[in-house]
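Presented below is the structure to which this report refers.
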Amino acid sequence: MRKNILFIIILTSICFKALAQQDAQFTQYMYNMSIINPAYATSNLDVMNFGSIHRSQWVSSEGTPRSTSVFAHIPLKDNIEVGISFLNDNLGDGTINENIIAGDFAYILKLSETLKLSLGVKAGVNLFNTNPSGRRLPDGTIVGLSSSDPAFKNINQTFFNAGAGAFLYTKKYYLGLSVPNFLPNKHLKNDNGFKAVGVDEIHFFLTGGYVFDLSDNLKFKPATMLKAVQGAPLSVDLTANFLIHNRFEAGAAYRFDDSVAGLVGFRITPTLKIGYAYDYTLSNLGDYNSGSHEIMILFDLGKINFTKGYEKSPRFF
């Protein structure tokens, strides 16, 4: 039964009209802001931020989703920051594969001594392909071997994407609103009677976070993300992390009607941080998997005297 989940997911994604195709999701989203919001900013002129997050979803079920994001973020001036990001979404061991490459540009307005508003735009390409040939159905039938089978044919398509966002922030909190892609690409459109199969609908993201100083060595970091897309229920993530001595981090997250998660992170050096998250599925899909795993790495490059003074203004998000 566990293996049949692959067929169910692929059939839903390819054969029937999709009201909405969800973008990749990450539990450690607060460290992955460049992917969803081109206005993300840090204002640390002498620091280039690099990061990567890999997520293996619904482990122990055959052919389930895997997502990998890689990003770089570079402040150029007091009011200009740029970035580049790469996202790979893989379903069914290559049956459905999408690569998204995008560049970001952000312009920062100084509203007060501590408060800034960043406005950003994003542009790039989506490389989408499917290769269902040779996949075995629950009844043992091998699909896609005949070129006359339009439901399981190979697809290779390229789409342009463009997005925008706003990011209001200080060193203690942030509030972001973004649309990573304004262009609802249709992967099959109207082909052999199949209409608009696999649609990348417009996603709206509202994010926020705050840092509370509980003591000199203990901070509380709540964060939230709301994701809205046509044809799918509102996705709400709530996260609560505790940061100890600006080095060790631990917390929990809850995705409404979907999953609960535990998160840990450790700053190995002043410029290198690693993190891990485990999601336990609460929906009926939990009967067919053993949860989801997520690994994160963040690396800052370019701070000349990073040991002295780094603890005064750590990067919380």
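Data for the structure
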item	result
For peptides 257-268, 115-126, 32-43, sequence by mean Cβ density within 10 Å, most packed first	32-43, 115-126, 257-268
Charge tally in the Cβ shell below 12 Å around Leu115, where Lys, Arg are +1 and Asp, Glu are -1, Leu115 excluded	+3
Distance between modelled label sites at Phe299 and Asn217, nm, 7 Å Cα→Cβ extension	3.0 nm
Karplus-derived HN-Hα couplings along the range 81-90 (A = 6.51, B = -1.76, C = 1.60, θ = phi - 60°), whole Hz, x at Gly and Pro	9, 10, x, 9, 9, 10, 9, 10, 10, 10
For the range 104-114, 3J(HN,Hα) per residue [Karplus equation, 6.51 cos²θ - 1.76 cosθ + 1.60, θ = phi - 60°, Hz, x = Gly/Pro]	10, 9, 10, 10, 10, 9, 8, 8, 7, 5, 10
19 Å reach of a label modelled at Asn79, 7 Å along Cα-to-Cβ, counting backbone N of the range 97-114	105-114
Segment Arg247-Phe160, length gained on full extension (0.36 nm per residue, minus Cα span)	27.3 nm
FRET efficiency estimate (nearest 0.05) - Cβ-Cβ, Lys171 to Leu282, R0 51 angstrom	0.90
Förster radius 35 Å - calculated FRET efficiency between Leu127 and Ser56, Cβ distance, rounded to 0.05	0.95
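Every read-out reported here was derived from the displayed coordinates using simple, explicitly stated rules and does not represent laboratory data. Please read these numbers as outputs of a predicted model, since none were measured by experiment. Neighbour counts run over all protein chains shown; Cβ positions are idealised from the backbone, glycine included.
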